[in-house]
Amino acid sequence: MWPYHPDLLRVPVPRYTSFPTAAEFGPIDERDYRNALENVSGDVSLYVHIPFCEKICFYCGCNTGAAGRRQRLTAYLDALHREIMAVSALLPTGTRVTRLSFGGGSPNAIAPTDFIRLVDLLTVRFGLVDPVCSIELDPRTMSPQWAQAIARVGIARASLGVQTFAAHCQQRIGRVQSEDMIVATTDSLREAGVTSLNFDLMYGLPGQTRDDLLDSLHRTRVLHADRVALFGYAHVPHIVPRQRVIDTAAMPDQAERFAMAQLGFDYLVTHGYAPVGFDHFALAGRDPLARAALAGTLHRNFQGFTDDDAPNLIGLGASAISAFPHLLVQNEKNGGRYRMRVDAGGLAPERGAHRDAEDRSRGAIIEGLLCQGRAPLPPRIRARSEARLAPFVARGLVEMVGDTLVIAPGGLPYARTVAAIFDPYREGSARRFSSAV
């Protein structure tokens, strides 16, 4: 059993899909972004953002809007095509793209034919040669035509936004999808050649009980999901206005959320899943993510935990984030302004952060703690952090082994909170983040 220390979970912390986090982004000079593209060294991963969904869920914090009119989708895709042309023209000849990921929103909010045209353009402009392809999908808008498109493109990895199988919870969060719909989507993706299928699940939902969570976990296992991302629902209506319609009185409290997280962890690790960090799981010995966790080669980027070791990530589309060793860049979030920026110059960088040597050092510590559960501490950083680490050391949640900070098995739920100790930007900005559990 994990020890429950509510005082150590009181302060909300980032998920640390980057360091510095997006909360620290400020104005960025487009020339810096162009220079980063022109001087890319090493492999590249591409991420393509489709900021549309057929239906908007109450809980969702993603940068997405209703697909609505066909003209709106067409205008966005036209701009995205132009950005692809501009970015690809700046990369050095011979740059190798090893990963291609589509997220949103829901990429299957666009027409399958539009998706294939998009992939064809990416293939030609970036010289794609058998990259690992992944996509996020909404089961509610899956169709036989989309399954055919996935098979044609050769997508090997897919992630389904399931969240919960409990109908009463689905109603409360605006995500109504029958089990038959999820089963049909799962079957069609397997037939289309998807070899690694992830289910996104959530705990801490309004009206959700432990039995509801256990039932969703069981159905997920029966459907042979290769990966499971089990997230605690983050209720931040001051950031995500659509969450204001959710009844907070019906949400589990902090202690119950902690118990749900423990329940999910115990269930999955006793049914063949290896823990990947704290809240991700993958079939032990089979899935590449599980193998990376075991081998100590796990990484973390804007898609979460990954076995992708490319040093450069290029984001395409509104709000997409690019990450280079020395620079983080986020595109304009607003769809209309994004189109205008692309029309004017081909690129749309709006915010970002330069990463100096100190940022890279602290980022490596945070990634090590979250991905491997350990990280060596340089003497100067250790000295500055000892006082804040002391409560975790005293309760046996972490320990120093030589010069390496190690998170104990019982300390897993506190990993993000421990990681935040090494983040000097956190002072006074906790309200922008979610609970660690």
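Screening the candidates Ala86, Ala151, Ala147, Ala75 for the property of being touching a residue at least 40 places away in the same chain (Cβ under 8 Å) and touching a Lys or Arg at 6+ places or on another chain (Cβ under 7 Å) yields one hit, Ala75. Name every residue in the range 173-200 that is open to solvent by less than 10 Å² (accessible area, probe 1.4 Å) and either of a type in the set (Ser, Thr, Tyr) or farther than 19 Å from Arg286 by Cβ (or both), in order of residue number. Listed by number, the residues that qualify are Ile173, Gln177, Ile182, Thr185, Thr186, Ser196. Candidates are the residues of the range 72-85 that are open to solvent by 10 Å² or more (accessible area, probe 1.4 Å) and within 13 Å of Val124 (Cα to Cα); the one that is farthest from the chain's Cα centre (by Cα) is Met85. Pairs linking a residue in the range 295-322 that is without any contact (Cβ under 8 Å) to a residue 60 or more places away in the chain to a residue that is open to solvent by 10 Å² or more (accessible area, probe 1.4 Å) and not in a strand (DSSP E or B), with Cβ atoms under 6 Å and 6 or more positions apart or on different chains, are Asp307/Pro288.
Candidates are the residues of the range 237-262 that are without any contact (Cβ under 8 Å) to a residue 60 or more places away in the chain and open to solvent by 40 Å² or more (accessible area, probe 1.4 Å); the one that is nearest to the chain's Cα centre (by Cα) is Pro241.
Selection of first residues in the range 410-430 that are on the phi > 0 side of the Ramachandran plot and of second residues that are modelled with pLDDT of 95 or more and hydroxyl-bearing (Ser, Thr, Tyr), restricted to Cβ pairs under 9 Å at least 6 apart or on distinct chains, gives an empty result.
Is the range 6-14 home to any residue that is more than 19 Å from Gly345 (Cβ to Cβ), crowded, with 18+ Cβ neighbours inside 10 Å and of a type in the set (Asp, Glu)?
No, the range 6-14 contains no residue that is more than 19 Å from Gly345 (Cβ to Cβ), crowded, with 18+ Cβ neighbours inside 10 Å and of a type in the set (Asp, Glu).
Consider the range 1-36 and keep the residues that are over 21 Å from the mean Cα position of the chain (by Cα) and among the charged types (D, E, K, R). The one that is nearest to Ala234 (Cα to Cα) is Arg10. Annotation note: Cβ proximity below 7 Å between a residue of the range 166-187 that is modelled with pLDDT under 95 and a residue that is open to solvent by 70 Å² or more (accessible area, probe 1.4 Å) and charged (D, E, K, R) (sequence gap 6+ or interchain) occurs for Arg172/Asp247.
On the stretch given as the range 30-42, residues that are open to solvent by 40 Å² or more (accessible area, probe 1.4 Å) and in contact (Cβ under 8 Å) with a residue 12 or more places away in the chain total 7.
In the set Arg152, Arg172, Arg117, Arg190, which member is under 24 Å from Val245 (Cα atoms) and part of a helix (DSSP H, G or I)? Reasoning before the result, please.
Values: Arg152 fails: under 24 Å from Val245 (Cα atoms); Arg117 fails: under 24 Å from Val245 (Cα atoms); Arg190 fails: under 24 Å from Val245 (Cα atoms).
On inspection, the qualifying residue turns out to be Arg172.
Anything in the range 120-132 that is open to solvent by less than 30 Å² (accessible area, probe 1.4 Å) and assigned to a loop (DSSP other than H, G, I, E, B)? List them, or say none. Passing the criteria: Leu128, Pro131.
Restricting attention to the range 19-29, the residues being buried (at least 16 other Cβ atoms within 10 Å of the Cβ), touching a helix residue (DSSP H, G or I) at 6+ places or on another chain (Cβ under 8 Å) and closer than 21 Å to Phe305 by Cβ number 3.
Quick one: which strands (runs of 3 or more DSSP E) sit completely within the range 290-389 and have at least 1 residues that are more than 26 Å from Arg31 (Cα to Cα) and open to solvent by less than 20 Å² (accessible area, probe 1.4 Å)? First the steps, then the outcome.
Working: elements: 299-301, 304-306, 312-316, 321-324, 327-331, 349-354, 374-376.
Counting at least 1 such residues, we get 304-306, 374-376.
The values are calculated or read from the model by the stated rules, or taken from the named source; none is laboratory data. Not measured: the values here are computed from a predicted model. Cβ atoms come from the backbone with ideal geometry, glycine included; neighbour counts cover every protein chain shown. For the accessible areas, the whole protein counts, side chains as well, though only heavy atoms, and no ligand, DNA or RNA atoms are used. Shrake-Rupley method; radii C 1.70, N 1.55, O 1.52, S 1.80 Å.
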